[in-house]
Number of protein chains: 2
Amino acid sequence: VNLILLESQEIGADGVARVEGERARHITTVLKSAPGATIRVGCIGGGRGTATVDAVSLERVDLRCVIAAGDARRPPIDLLLALPRPKVMRRLWAQIAAMGVGQIILTNAERVERNYFDTHVIAADCYRPLLIEGLQQAADTYLPNVSIHRQLKVLVEDHLEALTGESQRLIAHPGAAETVSDAVCRTAHTAVLLAIGPEGGWNAFERDLLGRHGFAPVAMGPRTLRSDTATIALLTLAHDGFARRNSRYSYPHA
Amino acid sequence: VNLILLESQEIGADGVARVEGERARHITTVLKSAPGATIRVGCIGGGRGTATVDAVSLERVDLRCVIAAGDARRPPIDLLLALPRPKVMRRLWAQIAAMGVGQIILTNAERVERNYFDTHVIAADCYRPLLIEGLQQAADTYLPNVSIHRQLKVLVEDHLEALTGESQRLIAHPGAAETVSDAVCRTAHTAVLLAIGPEGGWNAFERDLLGRHGFAPVAMGPRTLRSDTATIALLTLAHDGFARRNSRYSYPHA
């Protein structure tokens, strides 16, 4: 954890936040912060700053916070992900948030098993703490927006434009000519939407549907990777493409 | 699983391999292969090919294999990794093998807890099946070489050159000017050795030691990632650098 995240309503008008549970234990036992110590903090959806540890008890830590005003910067990368199996998805939440994404759009596909949508792993009370864990690791404050769609066709035809706006739409496809990093590097779009299929791949109908809605195929090497590995690899290459385009790109740091 | 891997001694002089356990179950219940069906196979350390399913019983499958002669191609990327905590390392084995590495060199560092070296997760009978799982996912046959070193100084001064030969040595460092992909793209070295530190980073002595032994700092973005996420990101960028240098680079496919 490189930053302790606070909900805006946890911070009082006097700038003092009282944290309990996991975060309090982390401050006292991992960071070993005593009263007077300074730690890095951030406000979910807001700025980052520092806090002075005011008081420490077994179960509670009082933090006197000085946090920059303004909203968190949204990463320029959105993810359209065919829902992986629950065990893999559970591991992915924190890693995706740590890599930095604006939005996580989970969808059904022929090769996604229907019962994946009935699991707790896509409930907000399960994934929100995992996203926050990833943000604390990466010292970011932007909580990705999450939406869940049981019909790919309805999502792509009716909702995707409102969700993502004007993005460069890319679909990972073995054998495509251009790499993700090159594709992101060359366009003028300010944001990118990456589509990642299920373990067995999109079927012909789904590929065609996405192709007709502007998703251009990009290569990510010839190896077939598990969903979680592929997702991290693609996010890495997309961030690298932005960095090659603009040497000052260094999300989330200003 | 995109390829069933066989040990060379499992394949008889007549080309028939008898597989049991996990692989047999995978062939019958996931691939649903009946006698006469053709599946993709490979020989660990050797070539790839196909096999005809000859006989199927509850616990055993007979495969008549036709596998290309020759040795597996070694990926041009080696990893020098400060041993992550056991839970993270356990998850990493398959993912590293799926990404493609020639060699995994695990080392101690100040910020690695000593007891990590006493765990089962770095015993060959634990990691070898996990590496094979990753290779089967990526349809590769090259089993990475693994070595474990309890003293970074002894490793770097006395053993690293013999282990890796003439490699471009890179160390991930927040704030470095050049990105991993750019660094790999511009050099004439045929192989790269990537050093990845522990969660808390290398200490000053370790950074200096590695610097004096030719490790050049490269950036991988400003975010501090967990060891497993960072490892996948770095391997992705190194492969991408090779692909940018040579448009025909597409390890492991010829």
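Listed by first and then second residue, the pairs linking a residue in segment A:86-108 that is among the charged types (D, E, K, R) to a residue that is crowded, with 19+ Cβ neighbours inside 10 Å, with Cβ atoms under 7 Å apart and 6 or more places separating them unless they lie on different chains, are A:Arg90/A:Val121; A:Arg91/A:Asp228.
Restricted to segment B:232-251, and to residues that are among the polar types (S, T, N, Q) and over 15 Å from the mean Cα position of the chain (by Cα), which residue is surrounded by the most Cβ atoms within 10 Å (Cβ to Cβ)? Among them, the one singled out is B:Ser250. If I filter segment B:125-138 for residues that are modelled with pLDDT under 95, closer than 18 Å to B:Asp228 by Cβ, touching a Lys or Arg at 6+ places or on another chain (Cβ under 7 Å) and among the aliphatic types (A, V, I, L, M), do I get at least one hit? Yes. Taken over segment B:178-231, the residue count meeting the criterion of being closer than 25 Å to A:Leu3 by Cα, open to solvent by less than 20 Å² (accessible area, probe 1.4 Å) and of a type in the set (S, T, N, Q) is 3. Within segment A:131-143, the set of residues being within 14 Å of chain B (Cβ to nearest Cβ), open to solvent by 10 Å² or more (accessible area, probe 1.4 Å) and not in a helix (DSSP H, G or I) comprises A:Tyr142 only. Touching a Phe, Trp or Tyr at 6+ places or on another chain (Cβ under 9 Å), within 14 Å of another protein chain (Cβ to nearest Cβ), closer than 30 Å to B:Gly49 by Cα and of a type in the set (D, E, K, R) - does that describe any residue in segment B:68-84? Scanning segment B:68-84 turns up at least one residue that is touching a Phe, Trp or Tyr at 6+ places or on another chain (Cβ under 9 Å), within 14 Å of another protein chain (Cβ to nearest Cβ), closer than 30 Å to B:Gly49 by Cα and of a type in the set (D, E, K, R). Identify the residue in segment B:5-57 that is within 14 Å of another protein chain (Cβ to nearest Cβ) and of a type in the set (A, V, I, L, M, F, W, C) and, among all such residues, is most open to solvent (accessible area, probe 1.4 Å). Among those residues, the one meeting the criterion is B:Val30.
When you scan segment A:153-254 for helices (runs of 4 or more DSSP H) that lie fully inside it, which ones turn up with 1 or more residues that are within 14 Å of another protein chain (Cβ to nearest Cβ) and in contact with a Phe, Trp or Tyr (Cβ under 8 Å, 6 or more places away or on another chain)? In segment A:153-254, the matching helices (runs of 4 or more DSSP H) lie at A:180-186, A:227-245. All conditions but one from (1) free of Cβ contacts under 8 Å to residues at least 12 places away in the same chain; (2) of a type in the set (Lys, Arg); (3) out of contact with any Asp or Glu (no Cβ under 9 Å at 6 or more places or on another chain) apply to A:Arg25; the one that does not is (3). For segment B:90-130, name all the residues that are open to solvent by less than 30 Å² (accessible area, probe 1.4 Å) and within 14 Å of chain A (Cβ to nearest Cβ). Within segment B:90-130, B:Leu92, B:Trp93, B:Ala94, B:Gln95, B:Ile96, B:Ala97, B:Ala98, B:Met99, B:Gly100, B:Val101 meet the criteria.
Based on what the data block shows, is B:Arg74 under 30 Å from B:Cys185 (Cβ atoms), among the charged types (D, E, K, R) and open to solvent by 10 Å² or more (accessible area, probe 1.4 Å)? Taking the combined requirement at face value, the residue satisfies it.
The values are calculated or read from the model by the stated rules, or taken from the named source; none is laboratory data. Keep in mind that what you see is a predicted model, and the values were worked out from it rather than measured. Ideal geometry is used to build each Cβ from the backbone, glycine not excepted, and the neighbour counts take in all protein chains shown. These area figures cover heavy atoms from the full protein model, side chains too; ligands, DNA and RNA do not enter into them. Shrake-Rupley method; radii C 1.70, N 1.55, O 1.52, S 1.80 Å.
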